[in-house]
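Notes for the one structure printed next.
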Amino acid sequence: MTKSAAHHWPAFINGEIPPDWEMISWVAMDNMVTAYGKDLIRLRRLIARRSPARRTEAIRPRLEALVSELLDALTDDARRSR
């Protein structure tokens, strides 16, 4: 499964989406999330080599702390904007 507009959205593929459309950066992005086929396999192999399980576990506490901080900030912003 891919999220690549370049591979699966006929309007995008055919150039029917204007470059100034407000969501163009979202659909035109080219990264691991949108990679497809051989590109996805290649990128996943690169990531797998760089992210062994023990390293991932070692940084888990910091990642969890960052996510908590970001979610708290979003909650605080939402409360202030009411």
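The values are calculated or read from the model by the stated rules, or taken from the named source; none is laboratory data. Note that the structure is predicted; figures quoted are calculated from it, not measured. Methodologically, a virtual Cβ is constructed for each residue, glycine included, from the backbone with ideal geometry; neighbour enumeration extends over all protein chains shown. We work out accessible area using only protein heavy atoms, side chains counted, and drop any ligands, DNA or RNA first. Shrake-Rupley method; radii C 1.70, N 1.55, O 1.52, S 1.80 Å.
When the residues of segment 16-44 are filtered to those that are more than 15 Å from ALA6 (Cβ to Cβ) and at pLDDT 90 or above, the one that is most open to solvent (accessible area, probe 1.4 Å) is GLU22.
Among the residues of segment 45-53, is any at pLDDT 90 or above, surrounded by fewer than 11 Cβ atoms within 10 Å (Cβ to Cβ) and not aromatic (Phe, Trp, Tyr)? No, because not a single residue in segment 45-53 is at pLDDT 90 or above, surrounded by fewer than 11 Cβ atoms within 10 Å (Cβ to Cβ) and not aromatic (Phe, Trp, Tyr). Those helices (runs of 4 or more DSSP H) of the chain in which at least 2 residues are without any contact (Cβ under 8 Å) to a residue 12 or more places away in the chain and of a type outside the set (A, V, I, L, M, F, W, C), considering only elements entirely within it, cover 38-50, 53-80.
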